[in-house]
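Every read-out reported here was derived from the displayed coordinates using simple, explicitly stated rules and does not represent laboratory data. These numbers were taken from a predicted model, which means no experiment stands behind them. Ideal geometry is used to build each Cβ from the backbone, glycine not excepted, and the neighbour counts take in all protein chains shown.
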């Protein structure tokens, strides 16, 4: 779709309702489709993209609807004032619920929101203020320039115009610095945090954003229906929205619209002929929907959208932009990282025992040792993923120990992962741009309103530069997870370089690389060394390590066995014994 | 007669090959070791033979092709794997862990239990203790004991000495030698190459997913190329 | 509020809490063994209740036909996945046929409480493992969240089918016994004693099953370490089926126990099931004794809130989850990469 699709889309919103011969029945259906789609766009952002499952989205619709209903009936305020009120109430509620549940594992959020949805439903249904089960009726219609939007046609234009704006805003958000943070939550949160992304804040933001979209839908619903009651805000309604997202395709905004269309239309048809088939009235469509949901989960868990519309890879245009400011690099040979008597105990087991070593600017140090020697644990301690039992890790003399991953990134420490952690749904260059997260400032609102373009251009110019540096410029627009694993490791290095690091920590960078790729990687690391970067790498490939490093630290049984140049280490009988074992 | 024959076995993680065209054989009652540096694909090889990972190529047990047989079917035929991470039932007692080892053979479980306790008297002392509270060496013994409860004809050991203190490593290798004397065939994956080659009849050297050397264990133990492979060509 | 009212409320709460405890136990069990959050638990309560009520009134319960249909589907699903045909035929075709035959023969004879309860259990329980085979086994490797959404889907299907097979009217059955026990000011109705007694017996039975039988230990082993369990030859799909069967039986039994006390509709189970969930979540989805205590607390909280603010009793019960989650989240370090 072209960038300019919203214009014809908006024109269609204005014109379609006036098509001669459009049955009123379709008009009504389209109104409900639009409202559902607005809400489900939020479900896509939250669940499909952010990886969080909420069964309270209909409750947020309720917050929006009731807020505006109460203000416009009890207090006689203009329905237009209901919109900011609806958004505010919903956002605050989401903020509170999110604060309680978002830090927990995924299914707690789902179950917690399920309980919240039940409790809110009974609350709406039992408070006199909200008219109990009967709800609130006599809600005034919206007026625009003196024109009352009682007519379904005008309202249709309003709803679909809002939907178009919501889609534009959501696409803008997802294609921004904050959007990349949200997109990294599913499957890449640890990596994102290591590059300074505030992942709890990103979670919270996605949750509030989805609640706000639900509130907008609720506001539209209240003034379309002109009455509200608790039923459309219950758990079953939330489940239906989840169904729309899963069926349409929770990974793309388009899936939200597709799902809303399909579920609403199917629902309408089923309500028509199922009771005739079964000879009595009742909520039979839930059987069909449940079966559809199961079938989709089993056969096409990504939903229908990707099957109907093959996503063309979008070519990102990299405009020349002013280079980002760089860090002042330390003098070559000056101390950067100091590991001091670091220990880690798990229960009675000592995984790392009083390890000490240093890495200086412009130096490559290798951390090696047989399987189970404690290398990975040491690496996790240095990168702040795990806390040491005792000892310290210092960067330029100040302690890194106990600092969150974000703070460590802020100070110029960049890393790669043993098990590659790239965000699955994102292109190579977008993944690399996450590395530059801390070198931008734009927030969510700037992203939605596209006020962040200048900064984005600079971030992407930097990402492109680092990608070219590691020799993957050609792959920039491919999906990151489509690359060979070795190349994905190299993408991780480009991402690390985007941080403008003083210290680079690499976990098995050569694993899975072909011979010539290893040679290129070694050359790149030598260039970085020449620029004054301090490099610490854990590696299995001995040829690679022996030829590249200035110094090696050998670990065995959690302790430092030896330290020295590659040649010295290779001849050390203790090292040979550690690797080959002692004869019994 | 070979109890296990593996022919041109390949395993890949997605598009990334981890084991490529590996062929090996374990004779009845024999002790064969696969050695090689970190990350060579040794564990992957054992997991594929046990059916934990999907693979291409042929695996024959007792002359019959295993095809797509599941893990349970392989256990029933007499294969057992002691995995690198032991995978014990940490919150259950030592005795329960052992009993479950004989899950597929519950009728003969009593006799086997006594045999395992005789082999590992330490486990009998600790039988009422939770598996998660055992020391590293005891855990390895329990993992081996649990596998033996199924009366396997082929026992596959994945890095049994991993993370154990040298004294305990010596115990473990003594036990491996004892086990072999009971007639069970053993396929031993080890990083402790020297000790492994000392107990084994035959050895295969695995490097970046391929067999680069194979032969009589004694001959391999003296091969100078092995040091180079583990510590790089310099 | 005097002490008699307190005593009555506590008694009421404990009786309801006992039911929630049974449900919470089976939810924890199913989650531990299969990672499925068993949302349709409530439908099993309703099915058990309504099937029993139908038998109690001397008619053939509609759920019988559902049992046969699910069995046939499970057979097909099993054959497609190349399971052992003979065993599949016995468990999914012969078993429903036998149950159907027995029910058609016995139901019109009004055979009494014990036979009715046994028949209701036999009709409803096998549906759970059939559903596991049809709906969840193909998703065995999926994430907890995908399994949860699948469970919600199954809930939708079963709730709708409940309406088809049982109709919109509620049902109530005669009590197991019409005696009652007086303790000072307090009168304990026979049905309450039945509930407490059977709950205690069932818990003892589960304790024995998991503590002392090889099969029970195998289920625990699957929950503790799936790979370890597979390596000793425990088929995890089989463990899953057994866990579902236990949950189905417990759900159905809860329904049978409840239906003499209160009118049950086809959709009544869901709210009852969610209260079991509230207890299971409070206990962290992991601890059996914790789940029982939490369930009793939920029951008592519910009975007191229905006394003080009866309109808001559901609000209070479901909101009770929030402080618990808050406490958990404050104790918890943020988990960065738990998803997928």
Taking B:228, A:462 and counting other C-beta atoms within 10 Å, the order from fewest to most: B:228, A:462
Over chain C: helical MRE at 222 nm, DSSP H runs n ≥ 4 each giving -39500 (n - 2.57), nearest 500: -23000 deg cm²/dmol
Listing C:319, C:4, A:549 from the residue with the fewest other Cβ atoms within 10 Å to the one with the most, what is the order? C:4, C:319, A:549
Ranking of A:518, C:275 by count of other Cβ atoms within 10 Å, fewest first: A:518, C:275
Looking at the protein assembly as shown, what % of its DSSP beta bridges pair antiparallel, to the nearest 5? 60 percent
Please determine, in degrees from 0 to 90 and to the nearest 10, the orientation of helix B:136-148 with respect to the longest principal axis defined by the Cα atoms of chain B, where the helix direction is its Cα long axis. 90 degrees
Subtracting the Cα-Cα distance from 0.36 nm times the residue separation, let me have the gained length for residue A:453 to residue A:316 in nm, one decimal. 48.0 nm
Inter-chain shielding of A:507-513 (mean C-beta neighbours from other protein chains, 10 Å cut-off): 2
Going by Cα centres, segment A:465-523 and segment A:116-153 are how many Å apart? 55 Å
Any chance you could list P(r) for the protein assembly as shown, counting all Cα-Cα pairs in 10 angstrom bins from zero, rounded to whole %? 2, 9, 16, 20, 20, 17, 11, 5, 1, 0
Among C:169, C:314, C:302: highest mean-square fluctuation, GNM of chain C, C-alpha pairs under 10 Å: C:169
What is the spin-label model distance, in nm, from residue C:330 to residue A:411 if the labels are put 7 Å beyond Cα along the C-beta direction? 3.0 nm
Can you pull a Stokes-Einstein diffusion coefficient for segment B:87-151 at 37 °C (0.692 mPa s), Rh from Kirkwood over Cα pairs, as a whole number of µm²/s? 294 µm²/s
Could you tell me the distance between the Cα centroids of segment B:174-234 and segment C:52-107, to the nearest Å? 56 Å
What angle do you read, to the nearest 10 degrees and between 0 and 90, between the alpha-carbon axis of helix A:24-43 and the longest principal axis of chain A? 20 degrees
So if R0 is 22 Å, what FRET efficiency would residue A:484 and residue A:307 give, r being the distance between their Cβ atoms, rounded to the nearest 0.05? 0.25
Which angle from 0 to 90°, rounded to the nearest 10, does the C-alpha axis of helix A:285-299 make with the longest principal axis of chain A? 20 degrees
What is the gain in length, in nm to one decimal, between residue A:349 and residue A:390 on full extension, counting 0.36 nm per residue of separation less the C-alpha to C-alpha distance? 13.4 nm
Here FRET efficiency (C-beta to C-beta, residue A:568 to residue B:58, R₀ 45 Å, nearest 0.05) is 0.45
I'd like the distance between the alpha-carbon centres of segment A:46-92 and segment C:185-206, rounded to an integer number of Å. 46 Å
